[in-house]
Amino acid sequence: MPKITVIGTTSWGITLAILLAKKKYEVYLWARTQKEADELSEKPKTVLATNVSYPDELTITASLEEAFENSDTVILAVPSQTMRQNVRIIRDFLTPKILIINAAKGLEIESNKRMSEVIEEEINPALHPNICVLSGPNLAGEVLQGLPASAVVANADEAIAKRAQELLAAPNFSVYTNSDVIGVELGGALKNIVALGAGMVDGLGYGDNAKAAFITRGLTEMAAIGFALGASPLTLSGLTGLGDLIATCASPLSRNHYVGVELTKGRSLKQITSSMNNVAEGVTTTYAVWHLARKLNLGMPITEKIYAVLYEKRTPQEVMAEILGSSGKHELAGRKWQLFSMFRHKKQ
């Protein structure tokens, strides 16, 4: 029977630990301190905001030695800005047999790098082929309730991706494979920027037409930067792009959508985020993507406007009027975008 180590006492980390323990796997969830381990064991509701019981197969521990002893798989479900720190803590416990699954959705602010790139920089190069990425429309609260959900796990090696797929798939949790690691990882990160804006659209009461237009333009922008960075645009139209985008832009369970709505009420970003129990990854991802786009000289109008609200003190009312009221050119045309030339019909 597999032994799985989960790093990250986030709502998603705990959810994955419970999901896999219900499959009768031996699962160890690592907490950074004994106090945290004790609190999580006694009061899961404080983190998950729902009544839940832990399967007997799930152990919460503050001991890395206990968590990694005979482990087959490690799942990293930590906030993106602490990924590097957490990998440095656990890297001496990683062996060639351990499957490494990144479940975090974001980009590192300082480097603008994807999480798998951050992991690669901090571990033995011999372990790089074992890194998989997990993404998709996976709101933790719904997965905990046993509602149907789907995800994608990616690795360039189909055999390794299938190994992760078999491990993660569960009743009501379908897992598909993909070899486009860049696209799967970027989809999970970039949609959070759009979700912030979708929350602003809802908070301003602009209606479904405006929201549909905004989300669709956001997806096109995601595809443009994804293609520029080596992803397939088709991946961004799948579960990890469009699928995750729909869930995150529409659900009241979405942290990023919540932040967007609250910003329209005049609350400061600091006030909003300090009142939340979990991280809204779109806040830091917007910062990273804005800088990355500038480096690439790539036009990212939606990201630029969301960045202006978060970091330049412009109001949602101002930027949404500009986004939704502007006249566009060709739907697939933007500064240094390659989508227009890629998809346009050639004259015979």
Here is a check on your reading of the model: is Ile89 buried (at least 20 other Cβ atoms within 10 Å of the Cβ) and either out of contact with any Phe, Trp or Tyr (no Cβ under 6 Å at 6 or more places or on another chain) or farther than 30 Å from Trp290 by Cα (or both)? no
For Pro55, state whether it is in contact with an Asp or Glu (Cβ under 9 Å, 6 or more places away or on another chain), modelled with pLDDT under 95 and not hydrophobic (A, V, I, L, M, F, W, C). no
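In this structure, does Val6 turn out to be under 24 Å from Glu121 (Cα atoms) and within 24 Å of the chain's Cα centre (by Cα)? First the steps, then the outcome.
Values: under 24 Å from Glu121 (Cα atoms): yes; within 24 Å of the chain's Cα centre (by Cα): yes.
In short, yes.
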What are the pairs, 6+ residues apart or on separate chains, where a residue within segment 220-241 that is under 13 Å from Gly299 (Cα atoms) has its Cβ under 8 Å from a residue that is β-branched (Val, Ile, Thr)? Glu221/Val194; Glu221/Ile302; Glu221/Thr303; Met222/Val194; Ile225/Val289; Gly226/Ile182; Gly226/Thr235
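Among the candidates Asn102, Asn124, Asn86, Asn138, single out the residue that is assigned by TED's automatic domain parsing to the domain that holds Ser63, within 27 Å of Thr33 (Cα to Cα) and within 14 Å of the chain's Cα centre (by Cα). Please lay out each step first, then the result.
Details: Asn124 fails: within 14 Å of the chain's Cα centre (by Cα); Asn86 fails: within 14 Å of the chain's Cα centre (by Cα); Asn138 fails: within 27 Å of Thr33 (Cα to Cα).
Sole residue among the options that is assigned by TED's automatic domain parsing to the domain that holds Ser63, within 27 Å of Thr33 (Cα to Cα) and within 14 Å of the chain's Cα centre (by Cα): Asn102.
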So, Val194, is that one in contact with a Cys (Cβ under 7 Å, 6 or more places away or on another chain) and assigned to a strand (DSSP E or B) or not? no
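Output the residues belonging to segment 172-205 that are small (Gly, Ala, Ser), touching a Leu at 6+ places or on another chain (Cβ under 8 Å) and crowded, with 24+ Cβ neighbours inside 10 Å. Write out each step before concluding.
Here is the first cut: in segment 172-205, the residues small (Gly, Ala, Ser) are 174, 179, 183, 187-189, 195, 197-199, 203, 205.
Going one step further and asking which of them are touching a Leu at 6+ places or on another chain (Cβ under 8 Å), we end up with 183, 187, 189, 195, 199, 203.
Hits for segment 172-205 are Gly183, Gly187, Ala189, Ala195, Gly199.
Given Val74, Val78, which one is farther than 15 Å from Ile131 by Cα and either hydrophobic (A, V, I, L, M, F, W, C) or not in a loop (DSSP other than H, G, I, E, B) (or both)? Working first, answer last.
Working: Val74 fails: farther than 15 Å from Ile131 by Cα.
Step by step, each of Val74, Val78 is checked, and only Val78 is farther than 15 Å from Ile131 by Cα and either hydrophobic (A, V, I, L, M, F, W, C) or not in a loop (DSSP other than H, G, I, E, B) (or both).
Ser71: crowded, with 17+ Cβ neighbours inside 10 Å, among the hydroxyl-bearing types (Ser, Thr, Tyr), at pLDDT 95 or above and touching a helix residue (DSSP H, G or I) at 6+ places or on another chain (Cβ under 7 Å), yes or no?
On the way: crowded, with 17+ Cβ neighbours inside 10 Å: yes; among the hydroxyl-bearing types (Ser, Thr, Tyr): yes; at pLDDT 95 or above: yes; touching a helix residue (DSSP H, G or I) at 6+ places or on another chain (Cβ under 7 Å): no.
No: the conditions fail for Ser71.
For segment 164-196, which positions are among the polar types (S, T, N, Q), farther than 30 Å from Trp290 by Cα and either in contact with a Gly (Cβ under 6 Å, 6 or more places away or on another chain) or modelled with pLDDT under 95 (or both)? Walk me through how you get there before you give the answer.
Residues of segment 164-196 that are among the polar types (S, T, N, Q), as a first pass: 165, 172, 174, 177-179, 192.
Retained after the next criterion (residues that are farther than 30 Å from Trp290 by Cα): 165, 172, 174.
Across segment 164-196, the qualifying residue is only Asn172.
Of these, Glu142, Glu117, Glu110, which one is without any contact (Cβ under 8 Å) to a residue 24 or more places away in the chain, closer than 22 Å to Asn256 by Cα and not basic (Lys, Arg)?
Values: Glu142 fails: without any contact (Cβ under 8 Å) to a residue 24 or more places away in the chain; Glu117 fails: closer than 22 Å to Asn256 by Cα.
When all the criteria are applied, what remains is Glu110.
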Do we have any residue at all in segment 141-157 that's crowded, with 23+ Cβ neighbours inside 10 Å, of a type in the set (S, T, N, Q), at pLDDT 95 or above and closer than 19 Å to Ser251 by Cβ? no
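The values are calculated or read from the model by the stated rules, or taken from the named source; none is laboratory data. Just so it is clear, the model here is predicted, and its values are computed rather than measured. FYI the Cβ positions are ideal-geometry reconstructions off the backbone, even for glycines, and counts take in every protein chain you see.
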